[in-house]
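Enquirer: Handing you a structure now.
The values are calculated or read from the model by the stated rules, or taken from the named source; none is laboratory data. All of these numbers come straight from a predicted model, not from anything done at the bench. No Cβ is skipped: glycine too gets one built from the backbone with ideal geometry, and neighbour counts run over all protein chains shown. With ligands, DNA and RNA removed, areas are computed over all heavy atoms of the protein, side chains included. Shrake-Rupley method; radii C 1.70, N 1.55, O 1.52, S 1.80 Å.
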Amino acid sequence: MKEFKLLCVCLCVLLGLSFFGGFAGASFAAEAEYTIRVGHVLAPTHPYQLGLEHFKELMAKKTDGKVNVEVFHSSQLGNERDLVEGLQLGTLEMTLISTAPLAGFTSDFLVFDLPFIFSDVKTARACVDSEIGQKMLDQLSSQGIVGLCFFENGFRSVTNSKKPIVTPEDLSGMKIRTMENPIHMDSFRAMKADPTPMAFGELFTALQQKTIDAQENPLAIVETSAFYEVQKYLSLTEHFYAPSPVLMAKAYYDSLPADIQTALKECLLETRAYERQLLDDMNLRLLTDLGAKGMEINTVDKAPFIEAVQVVYQDYTGVGSGKIPAELIQRVKEFKE
Ligand code: EAX
């Protein structure tokens, strides 16, 4: 009898915690003076989401509940171009995207889209976090956007449903989805592939229906978006490094009091390290795990791929819209921490 009573008490406590805890959570949101909605296109298990949930907690703590962050994953608020337009229209406060789709708004980030411009993740992170990356973020103000910092998507590799990609020639004639970025498309054209720009939200279905043969993304996306279910081959080309800028609507940012702006920046910098660490931890196990899920994985000799895409450097070096100044390419290529 005593045990039964004890069990009832425990159940009541647990129910109470979840009820009042929920209330507290709700009242936390109810007390919030500011609500920041942040949209992205990746899965709820990807470090984009996990990082933004961490950011939500940090902001609630640092502002004593004044700021509530609502995170929307899986393209719920639109594709990456829509999300950037939402900042400009004032219908969205914040987004986390790859730099590639920004090519539709500004040429400032194109240098990061050049194939093989970074050879390792440490240098890539140090470069985007340096004044080189900060200058690009600052230039977004002319687009009505505040660039706050760079999280990470990572080095992109090719998956496909037909065969291992060992040399650039293996890509010949392959229908590959790319982001909506001219350098990405021209890089695959230089390797005689057939690029199709497509919003991320449409990609899994296109692979499943075999309307395209291939796609290219970091390993964390291959797992969290279950591309291993519809792609047999993973070839570790690591041809692009994708940094992920955290962007806020400028009008909204300017409307925030200075202390909230400071809290925002501090919490984002702490979350940047957290999100990158999540990716590093995932990358330690993903080759094994994706192999266990049935993918056939191969490394490549990058030299022939680097050689094949040199024409892209020639085509995009220059001044003016859609071009990248030669000295900027040199600075990024030769960047040392
Ligand atoms: O920014 O579209 C893509 O392939 C990107 O990796 C994705 O949108 C995350």
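Enquirer: Per residue, how much accessible surface does the chain expose to a 1.4 Å probe? Answer in Å², no decimals.
Expert: Counting only protein heavy atoms, the per-residue value for the chain is 45 Å².
Enquirer: Along its principal axes, what span do the Cα atoms of segment 179-288 show, with the longest given first and each in whole Å?
Expert: Taking max minus min along each principal axis of the Cα atoms, segment 179-288 gives 51, 32, 25 Å.
Enquirer: Follow-up question, since we're still on this one. Give me the dipole magnitude in Debye, nearest 20, for the chain about the Cα centre, with unit charges on the beta carbon: positive for Lys and Arg, negative for Asp and Glu.
Expert: 460
Enquirer: Quick check for you: which residues of segment 66-99 have the amide N under 18 Å from the point 7 Å beyond the Cα of residue 226 toward its beta carbon?
Expert: Taking a point 7 Å out along Cα→Cβ of residue 226, the residues of segment 66-99 whose backbone N falls under 18 Å are 73-76.
Enquirer: Something else: Rounded to the nearest 10 Å², what accessible area does residue 334 have for a 1.4 Å probe in the complete protein model?
Expert: Probe radius 1.4 Å; accessible area of residue 334 about 110 Å².
Enquirer: Sum up the charges of everything whose Cβ sits under 13 Å from the Cβ of residue 289, counting Lys and Arg as +1 and Asp and Glu as -1, but leave residue 289 out.
Expert: 0
Enquirer: Distances over 18 Å make up what percent of all Cα-Cα pairs in segment 99-236?
Expert: In whole percent, the long-distance tail amounts to 58.
Enquirer: Mind listing the phi-derived Karplus ³J(HN,Hα) values for segment 288-301, rounded to whole Hz, using 6.51, -1.76 and 1.60 with θ = phi - 60°, and x for any glycine or proline?
Expert: Residue by residue, segment 288-301 yields 5, 5, 6, x, 5, 8, x, 6, 9, 10, 9, 8, 9, 7 Hz.
Enquirer: Quick one: Cα centre-to-centre distance for segment 255-277 and segment 175-250, in angstrom?
Expert: Their Cα centres are 29 Å away from one another.
Enquirer: Next up: What's the percent breakdown of Cα-Cα distances in segment 33-333 across 20 Å bins, shortest bin first?
Expert: All Cα pairs, binned at 20 Å, distribute as 35, 58, 7 percent.
Enquirer: I need the semi-axes of the equivalent ellipsoid of segment 169-224: take the C-alpha gyration tensor, multiply each eigenvalue by 5, square-root it, list largest first in whole angstrom.
Expert: Output for segment 169-224: semi-axes of 18, 12, 11 Å.
Enquirer: On alpha-carbon atoms, Rg over Rh for segment 238-286 using Kirkwood Rh?
Expert: With Rh from the inverse mean 1/r over Cα pairs, Rg/Rh is 1.13.
Enquirer: So how far apart, in nm, are the two label points at residue 262 and residue 292 if each is 7 Å from Cα heading toward Cβ?
Expert: According to this spin-label approximation, the distance is 4.7 nm.
Enquirer: Okay, moving on. Taking θ = phi - 60°, what integer Hz values does the Karplus form 6.51 cos²θ - 1.76 cosθ + 1.60 yield along segment 124-139, in sequence order, with x for Gly and Pro?
Expert: 4, 4, 4, 5, 5, 7, 7, 5, 4, x, 4, 4, 5, 4, 5, 5
Enquirer: Excluding residue 117 itself, what net charge comes from residues whose Cβ is under 12 Å from its Cβ, given Lys and Arg +1 and Asp and Glu -1?
Expert: Here the charged neighbours net out to -2.
Enquirer: Excluding residue 260 itself, calculate the net charge of residues whose Cβ lies under 14 Å from the Cβ of residue 260, where each Lys or Arg counts +1 and each Asp or Glu counts -1.
Expert: -2
Enquirer: Please list, in chain and number order, the residues 5+ apart from residue 244 or on another chain whose amide H is under 5 Å from its amide H, with Hs placed from the backbone.
Expert: 151, 152, 153
Enquirer: While we're on this one: For segment 33-333, which whole-number percentage of the solvent-accessible area (1.4 Å probe, protein heavy atoms only) is attributable to carbon and sulfur atoms?
Expert: About 52 percent, which is the carbon plus sulfur part of the accessible surface.
Enquirer: Under a GNM of the chain (C-alpha, springs under 10 Å), which listed residue has the highest mean-square fluctuation: 205, 317, 106?
Expert: Sorting by GNM fluctuation, first place goes to 205.
Enquirer: Take the chain, connect every pair of alpha-carbon atoms lying under 10 Å apart with a spring to form a Gaussian network, then pick out the residue of 266, 327, 229 with the largest mean-square fluctuation.
Expert: Among 266, 327, 229, the largest GNM mean-square fluctuation belongs to 327.
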